[in-house]
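The values are calculated or read from the model by the stated rules, or taken from the named source; none is laboratory data. Keep in mind the model is a prediction, meaning the values are calculated, not measured. Neighbour counts run over all protein chains shown; Cβ positions are idealised from the backbone, glycine included. Surface areas here come from the heavy atoms of the whole protein model, side chains and all, with no ligands, DNA or RNA. Shrake-Rupley method; radii C 1.70, N 1.55, O 1.52, S 1.80 Å.
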Amino acid sequence: MRILLTSTNEAKQKALQNIVNRFYDQAIIETISVDSGVSKTPTNDQEAIQGCWNRIDRAREIKGDYDAYVSFEGLISNHEFGMFLYGWCLFVDGTKNEYGLGASSQVMVPRFISSQISADVEFSDVVKADYPSPHLSKMPVVGSNGLFTNLCYTRVQEFEDAALCALGYLHNPANVGDQRSVPQK
């Protein structure tokens, strides 16, 4: 099985590598970096999921047919209880023309970080500049959520959870007949 991951991000690659063999024998993962077409840090589920679809559409245009396509998108959301950080996974089965979506757990963002976030500011730039963690050098893999949880829940784990939800749903025989077809452009 040839799988195209729509990112060259190390955490996203590790997450997919850690999960894919639970569902497929001898999967080959290739990567391509494509733009999401949404904000650098989406602020709602709709925008994040649209970013996943945009990445897959762009990757298909550039690379052509694969057995499967995977896109991850991190986001922040605001609630009355604070700001939270989490991620989505979109897994498209190119052979069946079906897809599964899954989201991760959410990690609370400290107020002194969330108070600096706006549409024109990159979330990770604020964290790198202002978060007092001995683990900052590991941020490319552990992510902001890894820093906020003192490495208890990393970015790799975030995207593993989202991928497990997407693939688990897609591969559950009880869900046959309820599978979602990939929307036509």
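Which one of the conditions (1) within 19 Å of Arg155 (Cβ to Cβ); (2) not in a strand (DSSP E or B) does Gln26 fail to meet, given that it meets all the rest?
Checking Gln26 against (1) within 19 Å of Arg155 (Cβ to Cβ); (2) not in a strand (DSSP E or B), the one that fails is (1).
Please find, within segment 148-185, the residue that is surrounded by the fewest Cβ atoms within 10 Å (Cβ to Cβ) out of those that are at pLDDT 95 or above and at positive phi.
Among those that are at pLDDT 95 or above and at positive phi, it is Asn150.
Can you find even one residue in segment 14-24 that is within 14 Å of the chain's Cα centre (by Cα) and without any contact (Cβ under 8 Å) to a residue 60 or more places away in the chain?
Scanning segment 14-24 turns up at least one residue that is within 14 Å of the chain's Cα centre (by Cα) and without any contact (Cβ under 8 Å) to a residue 60 or more places away in the chain.
Any idea which of Ser144, Ser133 is open to solvent by less than 40 Å² (accessible area, probe 1.4 Å), assigned to a helix (DSSP H, G or I) and either of a type in the set (S, T, N, Q) or under 21 Å from Ile29 (Cα atoms) (or both)?
Exactly one of Ser144, Ser133 is open to solvent by less than 40 Å² (accessible area, probe 1.4 Å), assigned to a helix (DSSP H, G or I) and either of a type in the set (S, T, N, Q) or under 21 Å from Ile29 (Cα atoms) (or both), namely Ser144.
Could you check Tyr86 against (1) out of contact with any helix residue (DSSP H, G or I) (no Cβ under 9 Å at 6 or more places or on another chain); (2) buried (at least 18 other Cβ atoms within 10 Å of the Cβ); (3) not polar (S, T, N, Q) and say which number it fails?
Of the numbered conditions (1) out of contact with any helix residue (DSSP H, G or I) (no Cβ under 9 Å at 6 or more places or on another chain); (2) buried (at least 18 other Cβ atoms within 10 Å of the Cβ); (3) not polar (S, T, N, Q), the odd one out for Tyr86 is (1).
Among the residues of segment 3-11, is any in contact with a Pro (Cβ under 9 Å, 6 or more places away or on another chain), more than 25 Å from Lys138 (Cα to Cα) and surrounded by 15 or more Cβ atoms within 10 Å (Cβ to Cβ)? First the steps, then the outcome.
Just the residues of segment 3-11 that are in contact with a Pro (Cβ under 9 Å, 6 or more places away or on another chain), to begin with: 9-11.
When the remaining residues are screened for being more than 25 Å from Lys138 (Cα to Cα), the result is none.
For segment 3-11, residues in contact with a Pro (Cβ under 9 Å, 6 or more places away or on another chain), more than 25 Å from Lys138 (Cα to Cα) and surrounded by 15 or more Cβ atoms within 10 Å (Cβ to Cβ): absent.
Going through segment 104-147 one residue at a time, which ones are modelled with pLDDT of 95 or more, hydrophobic (A, V, I, L, M, F, W, C), out of contact with any Leu (no Cβ under 6 Å at 6 or more places or on another chain) and within 20 Å of Glu80 (Cβ to Cβ)?
Met108, Phe112, Ile113
Give the residues of segment 101-122 that are in contact with a Gly (Cβ under 8 Å, 6 or more places away or on another chain) and either open to solvent by less than 40 Å² (accessible area, probe 1.4 Å) or part of a strand (DSSP E or B) (or both), sorted by residue number. Before you say what the answer is, go through the steps one by one.
To start, the set of residues in segment 101-122 that are in contact with a Gly (Cβ under 8 Å, 6 or more places away or on another chain) comprises 102-104, 108-109, 111, 114.
Gly102, Ala103, Ser104, Met108, Val109, Ser114 - these are the residues of segment 101-122 that are in contact with a Gly (Cβ under 8 Å, 6 or more places away or on another chain) and either open to solvent by less than 40 Å² (accessible area, probe 1.4 Å) or part of a strand (DSSP E or B) (or both).
Restricting to segment 43-81, name every residue that is within 18 Å of Leu167 (Cβ to Cβ), open to solvent by 30 Å² or more (accessible area, probe 1.4 Å) and part of a strand (DSSP E or B).
none
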